[in-house]
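Each remark here refers to the structure printed beneath this line.
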Amino acid sequence: MKQNILFRTAVAMLLASAAFTACTDTIAVGDASLDKATSSTATIDSVFQNAEYTRQFLVGIYSKQYYGLPYYNGGTNIPHTANPYTGKMDALTDCWHDFWNGAAVYQKYYTGSLTASVGRSDGLDGPLYSYDKEFQWKIIRSAQIFLANVDRAPETDMTQEEKDRHKAEARCLMVSAFFDTFQHYGGIPILDHALETSEVSGQFPRNTVEECVNWMVGELDKAIAENAFPWITANPATMNGRWTKAGAMALKCKILQFAASPMLNPKDGKPYYDGISEDVKPFVMYTDASKYQERWDAFASACDAFYDELTRNGKYQLVQATVPSSANTADKRVPYYRLAYRQGYFLNASTEILHSVRVQGNDINTAGRYCWHSWYSKSVPRNAFCPTQEYVEKFSWSDGEPFNWTNAAKKTYANQATEPDSTMVYDDKGNATITVTNFVTNPRTGKITRNKKSLHTMFVDGDVPSGGRQINTVLTRDPRLYEECIVNGQNLNLDWTTASMSGYPWELWYKGNDGGTGVLTQQNTMFGSGYGFNKYYLGTGAYPGDDAADSYRYPTQWVALSLPEFYLQYAEALVMRSSKDVAKAVKMVDIVRSRVGLPTIAKNWTSKDYRGAKGYTATTAAATAEAALNTTVTLDNGAISNEFIEELLDERVRELGLTDAHWFDMIRYKRTDWMTKQLHGLMQYRLIQKAKVFESRNAAWVGSDRENDPSSQQPLFFLSFVKDITGNSRYLWNKEPKSNEVKKWLLDPIPQVEINKQYGLVQNPGWE
């Protein structure tokens, strides 16, 4: 995959992030079209009198966008979010856990040691998203400089149409950077022009939530109204990553979704933090509860506008799977749907990406810069964010039937064997065996056949070929599970052309080739929960650790805005607006689900303990959803939440895993129960069949049994335990979810050093 030159750092702007300088700043100007390390120094005046330098200035702003994937080991001239030592924000939710105690996510969040006074000297200090050390202030100020000066470029070299198009791009860059920060801190200072030297000593207090939202929406409206601003880039293959009208409209929807949500827009007018002072309230919420519904309606109207434009202009669409007729069952179709899903977020110029960010660099085999990939190993697990049992259970079976534990589904998660399709027994030494009373045994041959949807088939199923020892694997769950997570028995490779699976299975059982003993010790391991993450960890190649492997070579893009995310946003808007449209909301969700071969979302409401919707048929989807809107579920923290929204939040995390979406959903809906509940993993032990009984054999297959015993067949049977995650336990697990001690974590602390500068900042509640 060829790196797009748009994302080469062609212009390195020497602009301070908090200390603002005059309009005569010097900037280093390189050549965007050539791979040169040399540059010259110029003033702003000289830059904007040259059309090519003007274009390069804009490219330089693009290079500093938020990028949520850790990719660079060394140096400081990168967004702090890209530092492999920080961690990912989604690892703070209930869906992923980080077992590497050297990451900031552990050092500051899991231990509860984050304060407003910590420094920012390295990746272990401060919040995961920094108020004062990110590029967001450079982006904002640089965009303002661009807007103020771009018209000075000679019209002989840059038409007015091009200038107007670039102005719209600059506004999107500016608002995107502002919103990235706003989500973490609430109201922040609006700097609506490039400050002069005489202004540096002035006051820059926080603006209110309402002022911030109005300013962001206003700037985006200016960009959207610009006739020269294209719906899609003229050449997506070469100009991928440029802001477009579609991206601007999608960003507007996302901002208004965040603004309308309970965190900032409480229906009862009560702030998320008890006892908050009146002077701080406007910076963390809307204070006029009478306009609660107006804000949801504004969000819905923005979604209507985008959907109308999408219908009218097209160009963007979900990547669809090409499924051969031979794949005639739901489980056989899964690999094809997996590939379509992967291509949607991974491929350059994907038709479902509304805005993405890429970085410059080489593949890991030459430069070692893409540390997400190169450090994803059992020995160096710096970026191994392990999925939790809670997350994996959100994914249905491949036919859309919700995953459940049948009689063991009460979610007690006691440390005991959970095997509803067979009977557990223990010998006098405490070793687990399984009788096969619930398996089908051929009376003539004695062959044991597994029941469908037993826990042995919770990830893969299949038969061993005649005379062979490797299973003909079929995948039994929602296709997205295998892209988000590495699960036991999953083949290593998925061919990019044919969607065929190949390679050895991942061995995540205790003492398996991959899981080793890490799943037991839960310490500094990439499979500490019994699972590993698979998103962004892609390619083809040999077995992990094989020097010949060509896996994981490609620079991965960070998808900031996508069409699937919009459809799920629209579904939320349609049921929260004053004139709700349940049928259309279901349709929006089902568009996303159908791309991976799943039936309507309403099917997920059946057979769940707390859900009352029964007797599902395809024709009753809207009615089922309507009933769900009138059904509430009591959460662990005692809060009452709408059932449809609960399922929608689950669908969002299934579709948008490891994109920060779940973290911000937690903030939007004040889900402190996600922060405080004990999380779980899966311990699996390998079993072998002896007559009509299974006995334990905790050893690797690849590199052990497979080589030592030519008749050894790929493991098919496992004993499964759901167990507490205890490695790197979280400070908040022992706290009362509704306490201020927990609630304060919904917003990050503003660095005390910034407050001490006395330009008008006040601290977020609980961090004083």
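The values are calculated or read from the model by the stated rules, or taken from the named source; none is laboratory data. Keep in mind that what you see is a predicted model, and the values were worked out from it rather than measured. Neighbour counts run over all protein chains shown; Cβ positions are idealised from the backbone, glycine included.
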If you check every pair at least six apart or on different chains, which have Cβ atoms under 8 Å apart with a residue in region 237-249 that is part of a loop (DSSP other than H, G, I, E, B) first and a residue that is among the acidic types (Asp, Glu) and buried (at least 20 other Cβ atoms within 10 Å of the Cβ) second? 242/169; 243/169
What residue, among those in region 655-678 that are among the basic types (Lys, Arg) and either surrounded by fewer than 21 Cβ atoms within 10 Å (Cβ to Cβ) or on the phi > 0 side of the Ramachandran plot (or both), is modelled with the highest pLDDT? 670
Taking residue 437 and the conditions (1) modelled with pLDDT of 85 or more; (2) hydroxyl-bearing (Ser, Thr, Tyr); (3) within 17 Å of residue 718 (Cα to Cα), which numbered condition does it fall short on, given that it satisfies the others? (1)
Name the pairs: first residue in region 97-122 and aliphatic (A, V, I, L, M), second residue surrounded by fewer than 22 Cβ atoms within 10 Å (Cβ to Cβ) and at pLDDT below 90, Cβ to Cβ under 6 Å, at least 6 apart or on different chains? 104/123; 104/124; 118/125
Taking region 570-588 as the search range and keeping residues that are closer than 16 Å to residue 310 by Cβ and without any contact (Cβ under 8 Å) to a residue 40 or more places away in the chain, which one is surrounded by the most Cβ atoms within 10 Å (Cβ to Cβ)? 588
Can you find a residue that is of a type in the set (Val, Ile, Thr) and either touching a Phe, Trp or Tyr at 6+ places or on another chain (Cβ under 9 Å) or crowded, with 17+ Cβ neighbours inside 10 Å (or both) anywhere in region 277-299? yes
Odd one out for residue 299, checked against (1) touching a Leu at 6+ places or on another chain (Cβ under 9 Å); (2) more than 20 Å from residue 560 (Cα to Cα): (2)
In region 715-729, is there at least one residue being closer than 22 Å to residue 111 by Cβ, free of Cβ contacts under 8 Å to residues at least 60 places away in the same chain and out of contact with any Phe, Trp or Tyr (no Cβ under 7 Å at 6 or more places or on another chain)? no
What do you reckon, is residue 253 surrounded by 16 or more Cβ atoms within 10 Å (Cβ to Cβ), under 26 Å from the mean Cα position of the chain (by Cα) and over 23 Å from residue 352 (Cβ atoms)? no
How many of the residues in region 730-756 are free of Cβ contacts under 8 Å to residues at least 12 places away in the same chain and surrounded by 17 or more Cβ atoms within 10 Å (Cβ to Cβ)? 0
So residue 174, is it modelled with pLDDT of 95 or more, surrounded by 18 or more Cβ atoms within 10 Å (Cβ to Cβ) and not in a helix (DSSP H, G or I): no
Quick one: in region 387-420, which of the residues that are of a type in the set (A, V, I, L, M) and modelled with pLDDT under 50 is surrounded by the fewest Cβ atoms within 10 Å (Cβ to Cβ)? 414
